[in-house]
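Engineer: One structure follows; several queries about it will come next.
The values are calculated or read from the model by the stated rules, or taken from the named source; none is laboratory data. Owing to the predicted nature of the structure, the values given are computational and were not obtained by experimental measurement. Cβ coordinates were reconstructed from backbone atoms using ideal geometry, including for glycine residues, and neighbour counts include every protein chain displayed. Quick note on the areas: whole protein, heavy atoms, side chains included, nothing else; ligands and nucleic acids left out. Shrake-Rupley method; radii C 1.70, N 1.55, O 1.52, S 1.80 Å.
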Amino acid sequence: QVQLVESGGGLVQPGGSLRLSCAASGFTFSSYTMSWYRQAPGKERELVATIITIGGSTNYRDSVKGRFTISRDNAKNTVYLQMNSLKPEDTAVYYCYAFRASKGGYWGQGTQVTVSS
């Protein structure tokens with residue numbers, strides 16, 4: 001069955017870094033666009049970053065540009081989110097999302113990121 005398992009979240013001080021990982025199984029990972037979303041308490045889920053299947057083109061929401069980097073390793077069926085210069089407003093549950101137009105989308109269970117001193 002399809003599984004997306006996030007890891008790497010935790011508590012970090014402002015200005016610190018974290019690297020999230022999302023290990024995928026049960027589908028053809030290399031054929032799916034991969035994204036990271038986040039949801040803060042009381043707020044709607046929002047798109048953070050996306051990386052397409054071929055060529056590795058990426059897109060980011062404005063508030064994380066220059067601080068976050070999304071990447072993928074198709075040999076390991078894993079997508080990453082490197083988060084630097086973290087701010088308290090980055091605090092949220094971060095979700096991995098896999099999408100292919102002909103197949104639909106899959107969500108991971110989420111990993112908590114807390115930025116606080």
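Engineer: Probe of 1.4 angstrom, ligands and nucleic acids ignored: what's the accessible area per residue over the chain, in square angstrom?
Structural biologist: Value returned for the chain: 52 Å² of accessible area per residue.
Engineer: Ignoring any ligand, DNA or RNA, what whole percent of the accessible area of the range 1-110 comes from carbon and sulfur when the probe is 1.4 angstrom?
Structural biologist: The C+S portion of the solvent-accessible surface of the range 1-110 is 47 percent.
Engineer: Starting from the Cα-Cα distance between Ser102 and Leu11, subtract it from 0.36 nm times their residue separation and give me the gain in nm to one decimal.
Structural biologist: 29.0 nm
Engineer: May I pose another question? What distance in nm lies between label points placed 7 Å from Cα along the C-beta direction at Lys76 and Ala23?
Structural biologist: The two pseudo-label positions are separated by 1.1 nm.
Engineer: Further, regarding this structure: Please work out, to two decimal places, the log10 of the ratio I(q)/I(0) at q = 0.15 Å⁻¹ from a Debye calculation in which every Cα of the range 35-77 carries one identical scatterer.
Structural biologist: Normalising to I(0) and taking log10 leaves -0.42.
Engineer: Ratio of Rg to Rh for the chain, alpha carbon only, Kirkwood?
Structural biologist: Taking Rh as the inverse mean 1/r over Cα pairs, Rg/Rh reads 0.95.
Engineer: I would also like to ask the following. Let me have the relative contact order for the chain, percent, based on Cα pairs under 8 Å that are six or more residues apart.
Structural biologist: 36 percent
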